[in-house]
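First comes the structure, then the notes that go with it.
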Protein chains: 2
Amino acid sequence: MTKKRNSRTVYAVLGFLADKPRSGYEIKKAIDDKIGFFWSESYGQIYPILKKLVDKGLAEKIPANADDGRKKQFYKITDLGKDEFQEWLKLPADYNSIRNEILLKLFFGANADKETNLNHLRSFKESNQSLINDLKQLDNQENTGTYQQAVLAYGANTSKVSVKWANETINRLTKLSS
Amino acid sequence: MTKKRNSRTVYAVLGFLADKPRSGYEIKKAIDDKIGFFWSESYGQIYPILKKLVDKGLAEKIPANADDGRKKQFYKITDLGKDEFQEWLKLPADYNSIRNEILLKLFFGANADKETNLNHLRSFKESNQSLINDLKQLDNQENTGTYQQAVLAYGANTSKVSVKWANETINRLTKLSS
DNA sequence: AGCACCATGTAAGTGGTTACATGATTCC
DNA sequence: GGAATCATGTAACCACTTACATGGTGCT
């Protein structure tokens, strides 16, 4: 009974191919733009995986159009690919391997001076503030379905409390004597 | 100008050694118990890193006590190790490489049936509810400083909104016709 | 002409997990 | 006696990042 523990990247790629045929470059862009606030991938993963998906029959290459100026290589998910993807969707998500570096630094904050910690909190606050804006943008422009909207709402909620928490923590630290 | 991009595990280990001398086993336990909600490590990382820290002069072995029943191998951070750790604390945290699998599954939820998505939401809700309890426990029992308390508060805030969001999303989905 | 971005890929290196191996101690 | 937990480590494997290589297109 081995674990298998497949690469999550595979499913992120399959997910975007399930939406519509895409090139590797477009997949990367979609990941950055649409799920960037909770997911990231590199080309070094995407391109080899695309090849592997074709080998396994989970996706297939679409021959480039002649009148297509760019030399894009499109990929289309197969029925087998859809099955595989849907099987994965049913599996429980492994909550694990969460690593939040800014929390780690703050947790050990007593080892640094106050200004260092305040800087971390400020940059954390700023990144969450711009995230709020980005998500608002996304919510307006995109024709998202129920599930996408729910995920966006999650991002909006958590980033809002993050900003609030950062403000409170900054205030509390600032008042501190040391 | 190379990136260096050192292993974050090294600093998690150094951080707990900066608190007090510990064995590899105790470090793992401290990580699980105290920062488990935003960090995780495996023995396969910790023990080799402990050895590497000694090689680099960032930590040193403490010879086991004779009257110490268990054969624990303790490690103590050196001044050099403290310097290295404090330098790292000053560096900006790289917000990146965040990967939330449950959000990924929900984002692609339209490819699965409603019950699958509800299951993910329910288990997400439950894990956040037990997190709230765990954090309450931690906050009471431990003699934590300002920074630890702040991090705990962050965990409490985000897990509360997560539960709230999960409830709302579950309700909205349940009402949906399909 | 030059810059930003589009576009695809490979190679090297590393960070990290999982599985395996071994044995002591404590509690029921 | 047996299970849970304490305790330390190694080996194999793989997921992922970074750096490199190459060239096209569009804009100013």
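The values are calculated or read from the model by the stated rules, or taken from the named source; none is laboratory data. Everything numeric here is computed off the predicted structure, so don't read it as measured data. When we count neighbours, we look across all protein chains shown, and the Cβ atoms used for this are built from the backbone with ideal geometry, even at glycine.
Results, tabulated for the structure shown:
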quantity: Unique residue being surrounded by fewer than 19 Cβ atoms within 10 Å (Cβ to Cβ), more than 9 Å from chain B (Cβ to nearest Cβ) and on the phi < 0 side of the Ramachandran plot when the list is A:GLN149, A:GLN86; calculated: A:GLN149
quantity: Single unsatisfied condition, B:LYS105 versus (1) outside the structural domain of B:ARG22 (by TED's automatic domain parsing); (2) of a type in the set (Lys, Arg); (3) at pLDDT below 95; calculated: (3)
quantity: Qualifying residue in region B:102-110 (condition: crowded, with 17+ Cβ neighbours inside 10 Å, without any contact (Cβ under 8 Å) to a residue 12 or more places away in the chain and not hydrophobic (A, V, I, L, M, F, W, C)); calculated: yes
quantity: Candidates A:LEU80, A:LEU91, filtered to the one that is over 16 Å from the mean Cα position of the chain (by Cα) and within 16 Å of DNA strand D (Cβ to nearest atom); calculated: A:LEU91
quantity: Test for B:LEU14: is it under 24 Å from A:ASN96 (Cβ atoms), at pLDDT 95 or above, at the interface with chain A (Cβ under 10 Å from one of its Cβ atoms) and surrounded by 18 or more Cβ atoms within 10 Å (Cβ to Cβ); calculated: yes
quantity: Residue within region B:113-125 that is without any contact (Cβ under 8 Å) to a residue 60 or more places away in the chain and among the aliphatic types (A, V, I, L, M) present; calculated: yes
quantity: Subset of region B:132-146 [at the interface with chain A (Cβ under 10 Å from one of its Cβ atoms) and assigned to a helix (DSSP H, G or I)]; calculated: B:THR146
quantity: Hey, B:SER127 among the polar types (S, T, N, Q), part of a helix (DSSP H, G or I), at pLDDT below 95 and closer than 30 Å to A:ASN117 by Cβ or not; calculated: yes
quantity: Qualifying position, being within 26 Å of A:ILE31 (Cα to Cα), more than 16 Å from DNA strand C (Cβ to nearest atom) and hydrophobic (A, V, I, L, M, F, W, C), among B:ILE170, B:ILE98; calculated: B:ILE170
quantity: Sole residue being within 12 Å of DNA strand D (Cβ to nearest atom) and within 11 Å of chain B (Cβ to nearest Cβ), chosen from A:ILE102, A:ILE31; calculated: A:ILE31
quantity: Residue list for region A:152-167, restricted to those being surrounded by 15 or more Cβ atoms within 10 Å (Cβ to Cβ) and over 16 Å from the mean Cα position of the chain (by Cα); calculated: A:ASN157, A:LYS160, A:VAL161, A:SER162, A:VAL163, A:TRP165, A:ALA166
